[in-house]
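J.: For reference, the structure I am asking about is given below.
The values are calculated or read from the model by the stated rules, or taken from the named source; none is laboratory data. What you see is a predicted model, and the numbers here were worked out from it, not measured in a lab. Cβ placement follows ideal geometry from the backbone for every residue including glycine, while neighbour counts extend to all protein chains displayed. Surface areas here come from the heavy atoms of the whole protein model, side chains and all, with no ligands, DNA or RNA. Shrake-Rupley method; radii C 1.70, N 1.55, O 1.52, S 1.80 Å.
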Amino acid sequence: MPTRAEILDTLAASQTQVMAFFQGLSPQDLERPATASEVPGAAPWRAKDHLAHLVKSERNIQRLLRRTLAGETRDVQLRLQYPEGMPMPGILGDLSALTPEEDERLGMAVASINQAYVDAHHDDSMEMLAADFLAARQETLDLL
């Protein structure tokens, strides 16, 4: 188990790398389609969309940390990670045990949630996205 200091060092280094990467991109590179969306028919993700998704991922990690600190059981945590209304697989916590249909359904549900978040932040400026990322990272540090 890493020490608190090691975790803080790792988070600081990754924050520096993320910010340097995105700040090093030209305005054209930030807006250019870069990655096909996993949602059929959705627009490809731009570099800015990936930064927005990093903010969402950071906040998802915080929710898991808060639940762990609150003493939630593993089963409760696993159930809460599935999109609302999605049928639960037969075995929680073992992705290799999913049927092909469950795996496809889960993949599409997650992709749709991610796409909706990216779409909601499509017009955010780079400054807004960077500020959101830094604020989210600070919230993670505060949890630690």
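J.: Within 14 Å of the chain's Cα centre (by Cα), open to solvent by less than 40 Å² (accessible area, probe 1.4 Å) and hydroxyl-bearing (S, T, Y) - does that describe any residue in the range 128-142?
T.: Checking the range 128-142: at least one residue is within 14 Å of the chain's Cα centre (by Cα), open to solvent by less than 40 Å² (accessible area, probe 1.4 Å) and hydroxyl-bearing (S, T, Y).
J.: Separate question: Within the range 97-112, track down each residue that is surrounded by 15 or more Cβ atoms within 10 Å (Cβ to Cβ), assigned to a helix (DSSP H, G or I) and not small (G, A, S).
T.: E102, R105, L106, M108, V110
J.: Take the residues in the range 1-29 that are polar (S, T, N, Q) and touching a residue at least 12 places away in the same chain (Cβ under 8 Å); name whichever of them is nearest to Q138 (Cα to Cα).
T.: The residue in question is Q15.
J.: Given the range 20-92, what helices (runs of 4 or more DSSP H) lie entirely inside it while holding 2 or more residues that are within 24 Å of E104 (Cα to Cα), at pLDDT below 95 and out of contact with any Gly (no Cβ under 7 Å at 6 or more places or on another chain)? So that I can check it myself, show each step before the final result.
T.: On the way: elements: 27-31, 47-69, 74-80.
Output list reads 47-69, 74-80.
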